[in-house]
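Written below as structure tokens is the structure these notes are about.
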Amino acid sequence: MKVFVDSSALLAILDADDPHHDRALEIFQWSLRATETITHNYIHVEAEQLVRRRLGSGAAMRLLDELLPAMRTVWVDEATHAEAVRGLAGKGRTASLVDEASFVVMRNEGTDLALAFDADFEQAGYRMPESQRRHASSETPAPYGTAAEATDLVSVSELAERSGRSINTIQSWRRRHADFPAPTVELAAGPIWLWRDVSAWINRRSPRSA
């Protein structure tokens, strides 16, 4: 299974005020750990300009340094570009060459899952992926450090949920304990950890009284 990520989703991930921010971040984190996440180089250019214009140069650099390298980039070649241009025929002024290139890439990659908040994707028959968080949260939590959780990327709120502590407790651990694991990456939306690192720290210290 593969999930394609559009510029509209990348902007939502970086913009905490975007109405789609929480959903975009949740699905993006899930797709990185649960499946293959892809985009293409035209999205790099489009998203960088969009983010720079809306959020500034700092957010644009976070896009280039953090989000895009986390995914596999499909490089649009001459044949893909030509097919995208043909796809524009008869679609009118609102059609986008970047979107058409996305549709070609998705067909070539064999996926109909697009993390996108652009109505053109839905109109073209592509669907939004759904994370498994709502299902997983209803199940009994597994012991810390299981193989299934070993590579999970988690936010502060997800650390609190998995460990059974409050967000305030997690933040207190970060302030009070110098050996608390450093985040794997710092996004505009906040720090992201590997669950295995934090769960190992919890098992080692067992700071229930912290």
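The values are calculated or read from the model by the stated rules, or taken from the named source; none is laboratory data. What you see is a predicted model; the values in this text were computed from it and never measured. Note: ideal-geometry Cβ built from the backbone for every residue, glycine included; neighbour counts use all protein chains shown.
In segment 170-197, how many residues are without any contact (Cβ under 8 Å) to a residue 60 or more places away in the chain, β-branched (Val, Ile, Thr) and part of a strand (DSSP E or B)? If you could, list the steps in order and put the result at the bottom.
Residues of segment 170-197 without any contact (Cβ under 8 Å) to a residue 60 or more places away in the chain: 170-184, 190-191, 193-197.
Still in the list and also β-branched (Val, Ile, Thr): 170, 184.
If we keep only those that are part of a strand (DSSP E or B) too, we end up with none.
Count: 0.
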So if I check each of Trp193, Trp173, which one is surrounded by 17 or more Cβ atoms within 10 Å (Cβ to Cβ), hydrophobic (A, V, I, L, M, F, W, C) and under 24 Å from the mean Cα position of the chain (by Cα)?
Trp193
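Among Ser155, Ser138, which is the only one that is within 20 Å of Thr35 (Cβ to Cβ), at pLDDT below 85 and not hydrophobic (A, V, I, L, M, F, W, C)? So that I can check it myself, show each step before the final result.
Values: Ser138 fails: within 20 Å of Thr35 (Cβ to Cβ).
Exactly one residue qualifies, and that residue is Ser155.
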In the set Ala34, Ala16, Ala9, Ala70, which member is touching a residue at least 12 places away in the same chain (Cβ under 8 Å), outside the structural domain of Val185 (by TED's automatic domain parsing) and surrounded by 20 or more Cβ atoms within 10 Å (Cβ to Cβ)?
Ala9
